[in-house]
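Asker: Can you keep this structure in mind? I'll have questions shortly.
The values are calculated or read from the model by the stated rules, or taken from the named source; none is laboratory data. Bear in mind that the values here come from a model prediction, so they are computed numbers and not experimental data. Note: ideal-geometry Cβ built from the backbone for every residue, glycine included; neighbour counts use all protein chains shown.
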Amino acid sequence: MPKTEPFEKHVDHYEQWFLDNPLAYISEIKAIQALLPKSGEGVEIGVGSGRFAAPLKIRHGVESAAKMAALARKRGIEVTEGTAERLPFEDERFDFALMVTTLCFVDDPQAALREASRVLKPGGVLVVGLIDRESPLGKSLQKQKGESLFYREATFHSAAEVVELMKGAGFADFAFTQTLFRSLAEIEGVEPVREGHGKGSFVAIRGKILYPQIHAD
């Protein structure tokens, strides 16, 4: 079952994070933006309240938490109810897809990534944004999981693990950006965005579908 309960109960708390951490939020957007295609039709899988899709001008979203979806619609996103493991779209529908801190909440990350590959056109790209489990922020969140409203049931992944999962879903030709090189409390300005991973706590990974995928009925 999708882990939607905390996102239904604590919408205001979720939204407050972005108000309390605007510099980290902008830094994450810039890291994602550096890897997203400049044109084409896209979808955010696990769109939440639209905090990423709206500024990145992604028109479509998929969300299983009704209250989050309602906020995303107010931000101009066309939201369809569904889960990452069973996307409500036909094959080869989109030019690109985005998932931001979504994989850690899905029941089956590999199935979710296969679904992302299914709805992408040949040559389409998926950008995955995550808090790297091996980073300072990732380690801190893991230690405090039991006290978190949202991360209590999350399964954190490292950037390397996500790459392997993406390879298993047919993605290749990877590119990386990273940001958040300080703790949230120490950030005094928008953080730089650098290539690679292993130093920044927030990592964006882009993979491309190089060849048409064969999908079982």
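Asker: Suppose we keep only residues that are modelled with pLDDT of 95 or more and not aromatic (Phe, Trp, Tyr) within the stretch 95-107. Which one would you say is surrounded by the fewest Cβ atoms within 10 Å (Cβ to Cβ)? Show your work before the answer.
Answerer: Step one: filter the stretch 95-107 for residues modelled with pLDDT of 95 or more, giving 95-100.
From what's left, not aromatic (Phe, Trp, Tyr): 95, 97-100.
Working: Asp95: 16, Ala97: 26, Leu98: 28, Met99: 26, Val100: 23.
Among residues in the stretch 95-107 that are modelled with pLDDT of 95 or more and not aromatic (Phe, Trp, Tyr), the one surrounded by the fewest Cβ atoms within 10 Å (Cβ to Cβ) is Asp95.
Asker: Let me ask something else about it. Testing Glu153 on (1) of a type outside the set (A, V, I, L, M, F, W, C); (2) modelled with pLDDT under 95; (3) out of contact with any helix residue (DSSP H, G or I) (no Cβ under 8 Å at 6 or more places or on another chain), one condition comes back false. Which one is that?
Answerer: Against the list (1) of a type outside the set (A, V, I, L, M, F, W, C); (2) modelled with pLDDT under 95; (3) out of contact with any helix residue (DSSP H, G or I) (no Cβ under 8 Å at 6 or more places or on another chain), Glu153 comes up short only on (3).
Asker: Identify, from the list Ala172, Ala160, Ala185, the residue that is without any contact (Cβ under 8 Å) to a residue 40 or more places away in the chain, farther than 21 Å from Leu36 by Cα and not polar (S, T, N, Q). First the steps, then the outcome.
Answerer: On the way: Ala172 fails: farther than 21 Å from Leu36 by Cα; Ala160 fails: farther than 21 Å from Leu36 by Cα.
After applying the criteria, what remains is Ala185.
Asker: Can you tell which of Ile58, Ile32 is touching a residue at least 60 places away in the same chain (Cβ under 8 Å) and among the β-branched types (Val, Ile, Thr)?
Answerer: Details: Ile58 fails: touching a residue at least 60 places away in the same chain (Cβ under 8 Å).
Only one candidate qualifies: Ile32.
Asker: Here's a follow-up. Restricting to the stretch 66-94, count the residues that are farther than 13 Å from Leu120 by Cα and surrounded by 20 or more Cβ atoms within 10 Å (Cβ to Cβ).
Answerer: Result for the stretch 66-94: 8.
Asker: Can you find even one residue in the stretch 176-184 that is modelled with pLDDT of 95 or more, among the aliphatic types (A, V, I, L, M), assigned to a loop (DSSP other than H, G, I, E, B) and under 24 Å from Leu141 (Cα atoms)?
Answerer: Taking every residue of the stretch 176-184 in turn, at least one turns out to be modelled with pLDDT of 95 or more, among the aliphatic types (A, V, I, L, M), assigned to a loop (DSSP other than H, G, I, E, B) and under 24 Å from Leu141 (Cα atoms).
Asker: Applying the selection to the stretch 10-53, what residues are aliphatic (A, V, I, L, M) and not in a helix (DSSP H, G or I)? So that I can check it myself, show each step before the final result.
Answerer: The initial filter retains those residues of the stretch 10-53 that are aliphatic (A, V, I, L, M), namely 11, 19, 23-24, 26, 29, 31-32, 34-36, 43, 45, 47, 53.
Listed by number, the residues that qualify are Ala34, Leu35, Leu36, Val43, Ile45, Val47, Ala53.
Here is a yes/no grid of residues against (1) in contact with an Asp or Glu (Cβ under 9 Å, 6 or more places away or on another chain); (2) aliphatic (A, V, I, L, M):
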{"residue": "Gly61", "(1), (2)": "yes, no"}
{"residue": "Ala69", "(1), (2)": "yes, yes"}
{"residue": "Lys74", "(1), (2)": "no, no"}
{"residue": "Glu81", "(1), (2)": "yes, no"}
{"residue": "Pro88", "(1), (2)": "yes, no"}
{"residue": "Phe105", "(1), (2)": "yes, no"}
{"residue": "Gly124", "(1), (2)": "yes, no"}
{"residue": "Ile131", "(1), (2)": "no, yes"}
{"residue": "Lys139", "(1), (2)": "no, no"}
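Asker: Shifting gears a bit: Collect the residues in the stretch 54-69 that are in a helix (DSSP H, G or I) and out of contact with any helix residue (DSSP H, G or I) (no Cβ under 8 Å at 6 or more places or on another chain), keeping them in residue-number order.
Answerer: Filtering the stretch 54-69 for residues in a helix (DSSP H, G or I) gives 66-69.
Listed by number, the list holds a single entry, Ala69.
Asker: Then there is this: Listed residues Glu63, Glu44, Glu15; which is among the acidic types (Asp, Glu) and either at positive phi or surrounded by fewer than 20 Cβ atoms within 10 Å (Cβ to Cβ) (or both)? Don't jump to the end; show me each part of the working.
Answerer: Numbers: Glu63 fails: either at positive phi or surrounded by fewer than 20 Cβ atoms within 10 Å (Cβ to Cβ) (or both); Glu44 fails: either at positive phi or surrounded by fewer than 20 Cβ atoms within 10 Å (Cβ to Cβ) (or both).
The conditions single out Glu15.
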